[in-house]
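Some notes on the structure that comes next.
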Amino acid sequence: MPDQHHPEDQERLQSYLRVHLKDDELSLTDDEQINILKKKNRKQNWFLVINIAAILFFGYSFFYNITQLGDTFLYILFGVFVLNVALIFFQKKQLTKLIDYLQHKSGQA
């Protein structure tokens, strides 16, 4: 957990909040913001499942020569989905930090 009294950590977490919450959601209470961030975190789980399923599908079809797509196209597709999975994990990490920060800030931790 980042240090609550360290200005750089607070600035970074506040910038994460501005990225993940809409302008009207920023004025809500900490509990309401936590609920919104938890919903976004659950939605990211679905995106993660879909992307991993796509990787498995294309990998399976490539490995067993089911597809008629070219090798280069499949490598590009695979790379895009792997990059997407990495970015989703990064976003989930940010959401988790924000939820922890807001819970600690509101005294729920």
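The values are calculated or read from the model by the stated rules, or taken from the named source; none is laboratory data. It should be emphasised that the depicted structure is a prediction, and the values quoted were computed from it without experimental measurement. Neighbour counts are summed over all protein chains in view; Cβ atoms, including those assigned to glycine, are modelled from backbone coordinates with ideal geometry.
Things worth noting here:
- With respect to (1) free of Cβ contacts under 8 Å to residues at least 60 places away in the same chain; (2) assigned to a helix (DSSP H, G or I); (3) surrounded by 11 or more Cβ atoms within 10 Å (Cβ to Cβ), the lone exception for Leu26 is condition (2).
- Looking only at residues in segment 66-99 that are charged (D, E, K, R) and either part of a loop (DSSP other than H, G, I, E, B) or within 9 Å of the chain's Cα centre (by Cα) (or both), the one that is nearest to Gln10 (Cα to Cα) is Lys93.
- Qualifying residue in segment 30-40 (condition: surrounded by fewer than 13 Cβ atoms within 10 Å (Cβ to Cβ), free of Cβ contacts under 8 Å to residues at least 24 places away in the same chain, of a type in the set (Val, Ile, Thr) and in a helix (DSSP H, G or I)): no
- Inspection of segment 37-45 finds no residue satisfying the criterion of being of a type in the set (A, V, I, L, M, F, W, C) and modelled with pLDDT under 95.
- If you filter segment 55-109 down to residues that are among the β-branched types (Val, Ile, Thr) and farther than 30 Å from Asp31 by Cα, you find that the one that is surrounded by the most Cβ atoms within 10 Å (Cβ to Cβ) is Ile55.
- Of all residues in segment 50-65 being in a helix (DSSP H, G or I) and over 30 Å from Ile36 (Cβ atoms), the one that is nearest to the chain's Cα centre (by Cα): Leu56
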